[in-house]
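Engineer: Got a structure for you, questions after.
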Amino acid sequence: MAHPSQLGFQDAASPVMEELLHFHDHALMIVFLISTLVLYIIVAMVTTKLTNKFILDSQEIEIIWTLLPAIILILIALPSLRILYLMDEINDPHLTIKAMGHQWYWSYEYTDYEDLGFDSYMVPTQDLAPGQFRLLEADHRMVVPVESPIRVLVSAEDVLHSWAVPSLGVKMDAVPGRLNQTAFIASRPGIFYGQCSEICGANHSFMPVVVEAVPLEHFENWSSLMLEDA
């Protein structure tokens, strides 16, 4: 969960998000080194009156400043492509959940069970319990087992929505008439918050996503209780 004055990302709760954080640090370090070099060159050119005539017309220098940016771009592109393929890879999911976006709430359907599904509405501010987060808490959380590949099928009933949970490294557009899919593995128990990340109407900011990752035994108990209530 993000906190006030936080400058970095939320703590990673999935292997994909860990990879995204590593790539962010990798790219940021390259940007920092380039910015430092450019700033040094600018300061050196402004503060000195000397001119090196061999730099003004040098084939070697032109070769270097052509090849060096190409190498830097390759160093950024290769890890980026690797993560893109990791994010699209869905291998033998243990659980499939269909998330349907509505104006303005989410409905979840556990397709591996016969009658397990529910709607998830934002908890109004006046109904919040101590310790709950305003505009982020939902009356029904999407419960998943930890350390299990989870496939999420995302679509919408009316307008464009987007199912996103930053700490899990998941963001997928919900398009009416189209079924998109994404996957994640919750690497630790916890409650992870997200929001609709598409401007879907007047109450766009009032349809939160809450994912609760629990041990497998607790998930089985929860699913049994939900089926009994249904």
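Engineer: Based on what the data block shows, is Ile150 touching an Asp or Glu at 6+ places or on another chain (Cβ under 7 Å), β-branched (Val, Ile, Thr) and farther than 12 Å from Val210 by Cα?
Structural biologist: Details: touching an Asp or Glu at 6+ places or on another chain (Cβ under 7 Å): no; β-branched (Val, Ile, Thr): yes; farther than 12 Å from Val210 by Cα: yes.
For Ile150, the condition - touching an Asp or Glu at 6+ places or on another chain (Cβ under 7 Å), β-branched (Val, Ile, Thr) and farther than 12 Å from Val210 by Cα - is not met.
Engineer: OK, next. Which count do you get for residues in the range 215-230 that are free of Cβ contacts under 8 Å to residues at least 40 places away in the same chain and open to solvent by less than 90 Å² (accessible area, probe 1.4 Å)?
Structural biologist: Of the residues in that region, 2 qualify.
Engineer: Residues being within 10 Å of Val159 (Cβ to Cβ) and either open to solvent by less than 60 Å² (accessible area, probe 1.4 Å) or touching a strand residue (DSSP E or B) at 6+ places or on another chain (Cβ under 6 Å) (or both): count how many of those fall in the range 196-214. Let's see the steps before the verdict.
Structural biologist: Residues of the range 196-214 within 10 Å of Val159 (Cβ to Cβ): 198-201, 204.
After this cut, where a residue has to be either open to solvent by less than 60 Å² (accessible area, probe 1.4 Å) or touching a strand residue (DSSP E or B) at 6+ places or on another chain (Cβ under 6 Å) (or both) as well, the list is 198, 200-201, 204.
Summing the residues that are within 10 Å of Val159 (Cβ to Cβ) and either open to solvent by less than 60 Å² (accessible area, probe 1.4 Å) or touching a strand residue (DSSP E or B) at 6+ places or on another chain (Cβ under 6 Å) (or both) in the range 196-214 gives 4.
Engineer: Which pairs do you get when a residue that is free of Cβ contacts under 8 Å to residues at least 60 places away in the same chain, found in the range 5-26, comes within reach of a residue that is in a helix (DSSP H, G or I) and not basic (Lys, Arg), reach meaning Cβ atoms under 7 angstrom, with the pair 6+ apart or on two chains?
Structural biologist: His26/Pro79
Engineer: Scan the range 100-116 for residues that are in contact with a helix residue (DSSP H, G or I) (Cβ under 9 Å, 6 or more places away or on another chain) and either open to solvent by less than 20 Å² (accessible area, probe 1.4 Å) or assigned to a strand (DSSP E or B) (or both) and jot them down.
Structural biologist: Tyr105, Tyr110, Leu116 - these are the residues of the range 100-116 that are in contact with a helix residue (DSSP H, G or I) (Cβ under 9 Å, 6 or more places away or on another chain) and either open to solvent by less than 20 Å² (accessible area, probe 1.4 Å) or assigned to a strand (DSSP E or B) (or both).
Engineer: Related question: Among the residues of the range 117-129, how many are among the hydroxyl-bearing types (Ser, Thr, Tyr) and surrounded by fewer than 16 Cβ atoms within 10 Å (Cβ to Cβ)? Working first, answer last.
Structural biologist: We begin by selecting, within the range 117-129, every residue among the hydroxyl-bearing types (Ser, Thr, Tyr); these are 120-121, 125.
Restricting the remaining residues to those that are surrounded by fewer than 16 Cβ atoms within 10 Å (Cβ to Cβ) gives 125.
Result for the range 117-129: 1.
Engineer: Sort through Lys53, Lys98 and tell me the only one that's closer than 30 Å to Thr182 by Cβ and basic (Lys, Arg). Write out each step before concluding.
Structural biologist: Working: Lys53 fails: closer than 30 Å to Thr182 by Cβ.
Lys98 is the lone residue from the list that is closer than 30 Å to Thr182 by Cβ and basic (Lys, Arg).
So that you can scan it fast, the table gives a plain yes or no per residue for (1) surrounded by 10 or more Cβ atoms within 10 Å (Cβ to Cβ); (2) under 30 Å from Gln195 (Cα atoms); (3) modelled with pLDDT under 95:
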position	(1), (2), (3)
Ser5	no, yes, yes
Phe9	yes, yes, yes
Phe32	yes, no, no
Thr47	no, no, yes
Asn52	no, no, yes
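Here's the yes/no breakdown for (1) within 19 Å of Pro15 (Cα to Cα); (2) buried (at least 22 other Cβ atoms within 10 Å of the Cβ); (3) touching a helix residue (DSSP H, G or I) at 6+ places or on another chain (Cβ under 7 Å); (4) of a type in the set (Asp, Glu):
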{"site": "Gly131", "(1), (2), (3), (4)": "no, no, no, no"}
{"site": "Arg134", "(1), (2), (3), (4)": "no, no, yes, no"}
{"site": "Asp139", "(1), (2), (3), (4)": "no, no, no, yes"}
{"site": "Ile150", "(1), (2), (3), (4)": "yes, yes, no, no"}
{"site": "Val154", "(1), (2), (3), (4)": "no, yes, no, no"}
{"site": "Ala174", "(1), (2), (3), (4)": "no, yes, no, no"}
{"site": "Ser187", "(1), (2), (3), (4)": "yes, no, yes, no"}
{"site": "Gly190", "(1), (2), (3), (4)": "yes, no, no, no"}
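Engineer: Of all residues in the range 43-98, how many are touching a strand residue (DSSP E or B) at 6+ places or on another chain (Cβ under 6 Å) and of a type in the set (A, V, I, L, M)? Reasoning before the result, please.
Structural biologist: To start, the set of residues in the range 43-98 that are touching a strand residue (DSSP E or B) at 6+ places or on another chain (Cβ under 6 Å) comprises 90, 93-98.
Checking which are of a type in the set (A, V, I, L, M) leaves us with 90, 95, 97.
Of the residues in the range 43-98, 3 are touching a strand residue (DSSP E or B) at 6+ places or on another chain (Cβ under 6 Å) and of a type in the set (A, V, I, L, M).
Engineer: Now a separate question. So, in the range 197-230, how many residues would count as being touching an Asp or Glu at 6+ places or on another chain (Cβ under 7 Å) and part of a loop (DSSP other than H, G, I, E, B)?
Structural biologist: Result for the range 197-230: 2.
Engineer: Does Met87 satisfy the condition of being in contact with a Ser or Thr (Cβ under 8 Å, 6 or more places away or on another chain), assigned to a helix (DSSP H, G or I) and within 28 Å of Asn180 (Cβ to Cβ)? So that I can check it myself, show each step before the final result.
Structural biologist: On the way: in contact with a Ser or Thr (Cβ under 8 Å, 6 or more places away or on another chain): yes; assigned to a helix (DSSP H, G or I): yes; within 28 Å of Asn180 (Cβ to Cβ): yes.
Yes; evaluated as a whole, the condition is true for this residue.
Engineer: Out of the range 57-84, which residues are within 19 Å of His24 (Cα to Cα) and either outside the structural domain of His22 (by the TED database) or among the aliphatic types (A, V, I, L, M) (or both)? Before the answer, list the steps.
Structural biologist: The initial filter retains those residues of the range 57-84 that are within 19 Å of His24 (Cα to Cα), namely 69, 71-84.
Within the range 57-84, Ile71, Ile72, Leu73, Ile74, Leu75, Ile76, Ala77, Leu78, Leu81, Ile83, Leu84 qualify.
The values are calculated or read from the model by the stated rules, or taken from the named source; none is laboratory data. Note that the coordinates shown come from a computational prediction; the quantities given were computed from them, not determined experimentally. Reconstructed Cβ throughout: ideal geometry from the backbone, glycine too, with neighbour counts over all protein chains shown. With ligands, DNA and RNA removed, areas are computed over all heavy atoms of the protein, side chains included. Shrake-Rupley method; radii C 1.70, N 1.55, O 1.52, S 1.80 Å.
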